[in-house]
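Q: Right, I'll just put the structure down here and ask away after.
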Amino acid sequence: MQQVKIQVDDLSDGAIIQLLEAHLAEMRLYSPPDSIHALDTPAMKHSSITFWGARVDGELVACGALKQLSPEHGEIKSMRTEKNFLRQGIAARLLERILQEAKSRCYKRVSLETGTNEAFAPAVSLYRRFGFEDCGPFGTYLPDPFSRFLSKSL
């Protein structure tokens, strides 16, 4: 596998925003608008959210974020890998880095929301490998047949 560099990204070069715009477009294929909880561009820049980018030879190939919900609870947001880099372990390395940060912040729990369509199965499989388990809605989420909620104690 190629050398992957994962680091905090300030969103200034626009690469993560472009990747997540493609993510939003794909989410629209599987979920109605009210059931899409991906961050829009203004929300991405909120101070409660830290983004990481994974780059190969300087090119952004994946991203993920950690949002502080409370001093003890974080939410994983915006996990996305470019199609040409799927199934290469990049998302797992990115998730490891985000969980490492959650632990350093002394979070007791990390949660996430993802879709219920079969297209989300690879992501759910990744999260389960890392110990995430089904849970109910958290934060400001409401029950939704298009949303699956997962959580992990740290």
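Q: When a/c reaches 1.5 or more, the comparison of a/b and b/c decides; with that in mind, is region 55-99 rounded, prolate or oblate per its Cα gyration tensor? Intermediate values should be presented prior to the final figure.
A: Working: a/c = 2.70, a/b = 2.45, b/c = 1.10.
It is prolate, given that a/c is not under 1.5 and a/b is the larger ratio.
Q: So, with +1 on the Cβ of K and R and -1 on the Cβ of D and E, and no other charges, what is the size of the charge dipole of region 4-153 about its Cα centre, to the nearest 20 debye?
A: 520
Q: Amide H of VAL61: which non-local residues (sequence gap of 5 or more, or other chain) have their own amide H closer than 5 Å, using H built in the peptide plane?
A: ALA54, ARG55, VAL56
Q: Taking amide H atoms as placed 1.01 Å from N in the peptide plane, list the residues 5 or more away in sequence, or in a different chain, whose amide H sits under 5 Å from that of LEU154.
A: When sequence neighbours closer than 5 places are left aside, the close amide H contacts are ARG109, VAL110.
Q: Assuming a ≥ b ≥ c are the square roots of the Cα gyration tensor eigenvalues, decide whether region 1-87 counts as rounded (a/c under 1.5), prolate (otherwise, with a/b larger than b/c) or oblate.
A: oblate
Q: Please identify the trypsin sites (Lys or Arg not before Pro) of region 16-102 that satisfy two criteria: DSSP loop assignment and at most 10 other Cβ atoms within 10 Å. Which are they?
A: Hits after loop and neighbour filter: ARG87.
Q: State to the nearest 20 debye the size of the charge dipole of region 1-69 about its Cα centre, where the only charges are +1 on K and R beta carbons and -1 on D and E beta carbons. Display every interim value, and only then the final one.
A: Values: 5 positive and 9 negative charges, 38 e Å.
Roughly 180 debye for region 1-69.
Q: Just going by the charge dipole of the chain, with Lys and Arg at +1 and Asp and Glu at -1 on Cβ, which of GLY89, ALA62, VAL8 is farthest out on the positive end?
A: Farthest towards the positive pole: GLY89.
Q: I've got another one for you. Past 24 Å, Cα to Cα, is the threshold; run LYS77/LYS152; LYS67/LYS152; LYS5/LYS108; LYS83/LYS103 against it and keep the listed order.
A: The answer is LYS5/LYS108; LYS83/LYS103.
Coordinate-derived values only; no laboratory data. Computed from a predicted model, the values in this text were never measured in an experiment. All Cβ positions, even for glycine, are placed from backbone atoms using ideal geometry, and neighbour counts span all protein chains on display.
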